[in-house]
Amino acid sequence: MIRRLLLLLPALLAVGQPKAAAQPLPTPARPYWTFSLPAPRPIDAADTLTLRFIGDVMMHRPQLKHDYSAFFRNVAAPMRSADIAVANMEFPLAGPPYTGYPSFSAPDAYAWTVCADLSLDVALLSNNHILDKGRGGVERTLAVYDAVCDSLGTLRTGVSRDAAEDAVLHPALIRRKGISVAFVNFTYGNNVGPQPFDRPRIAVMEEEEVAALVSRARERGADFVIALPHWGEEYRLRHSREQEAWANRLASWGVDAVVGAHPHVVQDTASVSGMPVVYSLGNAVSNMSAPNTRLELMATLRLVRHPSGRCEVLPPDLRFMWCTLPGKLTAGYAVIFVDEWVGRRDAWADPSDYDEMMATLARVKAATGIR
């Protein structure tokens, strides 16, 4: 209990790196509350769940100097209104000194802020940076998220330290509106090599382990199983052969949808044996400036359980976002919906960034086929 109270202090006392004053965004041409999904056929709302996902939440060194409560302010409403909200938290919480790429350690308050501001239900922890600070860093990260869960209800998945668990990791399982959804998160690997310890255990992209995770999800009564792989080739706008092979495996194991992360750019989508696949959402927020790394997706899945008991995943709705860097639109970092800012070049502090956004949007759409 004392350990968890200590972990809670950074969020309660706002302890952390110095932050620049937040600068409000200009009023968008089309505010976020006009966002709507294509009208589906009538469905009993009690048998329908709306899930929303964002990609890689990063914390590079320059981000430490800014008010991270402003990062997602302009895109938070759709996440908060979802029945289940999910994000890939790509950083350990190993304590000070705080560091960025290539070996991350973010402030505890950053995790608290993102989980609270977006009303996150699931935090994905299995990624290539989770072991950046070794075993101690992973254990401290899990302790922080345990405190977050106790306070906010955000579940973590992809990593386990409970020695009472057997060799098969457990997926996160959420039941809403009478529908159970399991989240299976796993990574291609990490940046430090094979784990020199048994606990904490990180879910990895090995056939036996992932198949067991999916099976465990069904055994626990999941109506839907969502796979969340950390996979693919960085900076590639099209999925790889390995990703496609894995998508086919996941479909054969009965997974209902796949939403991927890691390449740091948006990748194409597919339907594999009727299973929707979003190969990569891209970054959610970062300091990256390489081509295409600032354009990203918010993905919405609607899960339906019909009166007959048949379960169905409707085609995903994808909405482009853009991560503005300090001095481009505001003084700090701000994630925005692209469609709210089209034609608003005069709102940018640096109008050339608006041009870059529109050019990137056209380039990524052409390469991925996403509209």
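The values are calculated or read from the model by the stated rules, or taken from the named source; none is laboratory data. Note that the structure is predicted; figures quoted are calculated from it, not measured. In this analysis, Cβ positions are derived from the backbone assuming ideal geometry, glycine residues included, and neighbour counts consider all displayed protein chains.
Please specify each residue of the stretch 196-217 satisfying the condition of being in contact with a strand residue (DSSP E or B) (Cβ under 7 Å, 6 or more places away or on another chain) and farther than 26 Å from G282 by Cα.
P200, A217, listed by residue number.
For N190, state whether it is of a type in the set (S, T, N, Q) and at pLDDT 95 or above. Walk me through it before giving the result.
On the way: of a type in the set (S, T, N, Q): yes; at pLDDT 95 or above: no.
Criteria not met by N190.
Scanning the stretch 247-260 for residues that are buried (at least 18 other Cβ atoms within 10 Å of the Cβ), without any contact (Cβ under 8 Å) to a residue 40 or more places away in the chain and over 16 Å from the mean Cα position of the chain (by Cα), which turns out farthest from R310 (Cα to Cα)?
A247
Out of the residues in the stretch 272-298 that are touching a Pro at 6+ places or on another chain (Cβ under 8 Å) and in a strand (DSSP E or B), which is farthest from A334 (Cα to Cα)?
Among those that are touching a Pro at 6+ places or on another chain (Cβ under 8 Å) and in a strand (DSSP E or B), it is P276.
Just one of E244, E234, E296, E312 is on the phi < 0 side of the Ramachandran plot, surrounded by fewer than 18 Cβ atoms within 10 Å (Cβ to Cβ) and under 17 Å from the mean Cα position of the chain (by Cα); which is it? Explain how you work it out, then say what you get.
Values: E244 fails: under 17 Å from the mean Cα position of the chain (by Cα); E296 fails: surrounded by fewer than 18 Cβ atoms within 10 Å (Cβ to Cβ); E312 fails: under 17 Å from the mean Cα position of the chain (by Cα).
One residue alone meets the criteria, E234.
Any idea which of A217, A203, A212 is small (G, A, S) and at pLDDT 95 or above? Steps first, answer last, please.
Working: A203 fails: at pLDDT 95 or above; A212 fails: at pLDDT 95 or above.
Just one listed residue meets the conditions, A217.
When you look at A261, is it more than 22 Å from A284 (Cβ to Cβ) and of a type outside the set (S, T, N, Q), yes or no?
no
Any idea which of (1) in contact with a Leu (Cβ under 8 Å, 6 or more places away or on another chain); (2) at pLDDT 95 or above; (3) farther than 18 Å from L64 by Cα is the one V138 doesn't satisfy?
(2)
Determine the pairs where a residue that is under 30 Å from F71 (Cβ atoms) and touching a residue at least 24 places away in the same chain (Cβ under 8 Å), located within the stretch 305-325, has a partner that is crowded, with 17+ Cβ neighbours inside 10 Å and of a type in the set (D, E, K, R) with Cβ atoms under 7 Å apart, the partner being 6 or more residues away or on another chain.
V313/D256; L314/R302; M321/E296; W322/R294; C323/R294; C323/E296; T324/D353
Tell me which of these C149 doesn't satisfy, since it passes every other one: (1) part of a loop (DSSP other than H, G, I, E, B); (2) without any contact (Cβ under 8 Å) to a residue 12 or more places away in the chain.
Here C149 meets the rest and fails (1).
Quick one: how many residues across the stretch 175-190 are touching a residue at least 60 places away in the same chain (Cβ under 8 Å) and either under 17 Å from V225 (Cβ atoms) or surrounded by fewer than 18 Cβ atoms within 10 Å (Cβ to Cβ) (or both)?
Here is the first cut: in the stretch 175-190, the ones touching a residue at least 60 places away in the same chain (Cβ under 8 Å) are 176-179, 181, 183-190.
After this cut, where a residue has to be either under 17 Å from V225 (Cβ atoms) or surrounded by fewer than 18 Cβ atoms within 10 Å (Cβ to Cβ) (or both) as well, the list is 176-179, 181, 183-186, 189.
Count: 10.
Only residues that are touching a helix residue (DSSP H, G or I) at 6+ places or on another chain (Cβ under 8 Å), hydrophobic (A, V, I, L, M, F, W, C) and surrounded by 19 or more Cβ atoms within 10 Å (Cβ to Cβ): list them for the stretch 261-285, please.
V265, V266, M275, V277, V285
Taking the criterion of being part of a loop (DSSP other than H, G, I, E, B), at pLDDT 95 or above, buried (at least 17 other Cβ atoms within 10 Å of the Cβ) and aromatic (F, W, Y), would at least one residue in the stretch 351-370 satisfy it?
no
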